[in-house]
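Q: Take a look at this one; I'll ask things after.
The values are calculated or read from the model by the stated rules, or taken from the named source; none is laboratory data. Source: prediction; values computed, not measured. Cβ sites come from the backbone with ideal geometry, for glycine too, and all protein chains shown count toward neighbours. All accessible areas refer to the heavy atoms of the entire protein, side chains included, with ligands and DNA or RNA removed. Shrake-Rupley method; radii C 1.70, N 1.55, O 1.52, S 1.80 Å.
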Amino acid sequence: MADDSEVDLSHSKEEITQSSGPRTVTIAKTDTGFGFNVRGQVNEGGQLKSINGELYAPLQHVSAVLSGGAAHTAGICRGDRILEVNNVSVEGGTHKQVVDLIKSGGDSLTLTVISVPEEIHDSLDPNEDDDSSGPAYIDYSEKRSLPISIPDYNTIERHGEKFVVYNIYMAGRHLCSRRYKEFDELHSSLKREFVDYPFPKMPGKWPFKMKEQKLDSRRRGIELFLEKVCAVRVIGESEMMQEFLAATESDSAYCDVELKVLLPDKSIATVTVKRTSTSQDVYQALVSKLLISQEAAQCFALFETIEYNFGKSYRDTKSHDLVVRVTI
């Protein structure tokens with residue numbers, strides 16, 4: 001949205017609040033959804049409250065508006081009280097009733113709202129942060145396609161314990177490795193955070209030792225779960241999901257990584273090393289793979305390829321994270 005449009009909307013907000021009466025707006029869903037969140041009571045009915053000199057049963061309210069989004073463009077403001085959804089009165093209605101009505105309208109939504117001055121928002125919603133207020137309405141309609149996959153798994157033995165980790169890749173790059181119980185914990189945490197989203201099922205727990213066929217079936221099930229969940233932008237970009245997909249120190253011991261090295265004759269050599277390997281470790285692995293003598297190896301080094309030209313040589317202290325594109 002252009003800056004001049006945002007200025008116009010900020011002026012109209014003051015005018016809207018001063019008008020004090022109900023108004024009806026129509027919101028057309030865009031690629032970012034309707035662009036607002038709703039909060040309010042979870043039970044029906046309740047004590048009447050005075051809003052702008054009129055008595056109303058408890059009303060669900062707009063708790064957040066996406067700047068430049070569809071609701072913002074239509075003139076919806078944070079703190080607006082919702083009187084009707086698609087011409088259906090929701091005075092005294094529950095959070096679920098309002099959310100269901102919003103979802104039922106498809107790509108077009110008509111709201112009758114009443115704006116209140118910002119200084120009385122808190123007095124009307126003293127319990128917004130506790131459990132008496134319903135969960136925020138979150139728009140899950142914006143989808144995206146991510147090249148996330150779990151192509152394989154490893155069996156790890158650590159401190160006398162043997163377990164399986166599933167390797168998560170994004171566009172062919174290894175992100176992290178996670179145990180089944182970590183996926184299960186993520187599933188439970190996401191369901192608590194996004195309570196009204198119909199999450200796909202996770203593969204069930206198995207009390208016995210799993211054979212290769214069963215392990216691969218679980219891998220495919222977890223991969224499908226992760227693909228579907230990460231495809232929903234609001235979930236995939238959540239702090240919880242980002243932390244789950246971030247590499248940790250323990251991932252270094254979980255999974256080897258493959259590096260491709262461009263040789264002088266333009267052929268490619270692939271070496272497998274640990275995530276924590278230095279450039280010297282990578283070079284020694286390459287020397288061993290190509291059967292180069294240690295004496296001859298002193299005449300070569302790893303270089304970073306920058307714009308198809310030679311760049312700097314790598315020293316022992318450099319992690320292989322910096323030498324994904326190298327040549328010798």
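Q: Only one of Gly45, Gly40, Gly21 is touching a helix residue (DSSP H, G or I) at 6+ places or on another chain (Cβ under 7 Å) and open to solvent by less than 70 Å² (accessible area, probe 1.4 Å); which? If you could, list the steps in order and put the result at the bottom.
A: Details: Gly45 fails: touching a helix residue (DSSP H, G or I) at 6+ places or on another chain (Cβ under 7 Å); Gly21 fails: touching a helix residue (DSSP H, G or I) at 6+ places or on another chain (Cβ under 7 Å).
One residue alone meets the criteria, Gly40.
Q: Another question, if that's okay. How many residues are closer than 16 Å to Ile114 by Cβ and open to solvent by less than 50 Å² (accessible area, probe 1.4 Å) when one looks only at segment 48-75? Full working, then the answer.
A: If we filter segment 48-75 for residues that are closer than 16 Å to Ile114 by Cβ, which is where we start, we get 48-63, 65, 71, 74-75.
So of that shortlist, the ones also open to solvent by less than 50 Å² (accessible area, probe 1.4 Å) come out as 51, 56-63, 65, 71, 74-75.
Matching residues across segment 48-75 total 13.
Q: A further question on this structure: Output the number of residues of segment 52-71 satisfying the condition of being within 13 Å of Leu111 (Cβ to Cβ) and not aliphatic (A, V, I, L, M). Even if it seems obvious, please write down each step before you answer.
A: Of the residues in segment 52-71, the ones within 13 Å of Leu111 (Cβ to Cβ) are 59-62, 65, 70-71.
Those still in the list that are not aliphatic (A, V, I, L, M) too: 60-61.
Counting residues in segment 52-71 that are within 13 Å of Leu111 (Cβ to Cβ) and not aliphatic (A, V, I, L, M) gives 2.
Q: It is to be established whether one or more residues within segment 252-259 are of a type outside the set (Phe, Trp, Tyr), surrounded by fewer than 16 Cβ atoms within 10 Å (Cβ to Cβ), modelled with pLDDT of 80 or more and closer than 18 Å to Tyr169 by Cα.
A: So far as segment 252-259 goes, no, none of its residues is of a type outside the set (Phe, Trp, Tyr), surrounded by fewer than 16 Cβ atoms within 10 Å (Cβ to Cβ), modelled with pLDDT of 80 or more and closer than 18 Å to Tyr169 by Cα.
Q: Residues to consider are Asp196, Asp125, Asp139, Asp130; find the one that is exposed (fewer than 12 other Cβ atoms within 10 Å of the Cβ), within 18 Å of Val38 (Cβ to Cβ) and modelled with pLDDT under 90.
A: Exactly one residue qualifies, and that residue is Asp130.
Q: Another question about this same structure. Go through segment 142-183 and report how many residues are under 24 Å from Lys205 (Cβ atoms), more than 14 Å from the chain's Cα centre (by Cα) and open to solvent by less than 40 Å² (accessible area, probe 1.4 Å). Show your work before the answer.
A: Of segment 142-183, the ones under 24 Å from Lys205 (Cβ atoms) are 148-168, 176-183.
Add one more test, that the residue is more than 14 Å from the chain's Cα centre (by Cα), and what stays is 149-168, 176-183.
Checking the rest, the ones that are also open to solvent by less than 40 Å² (accessible area, probe 1.4 Å) come to 149-150, 156, 163-168, 176-178, 180, 183.
Number of matching residues: 14.
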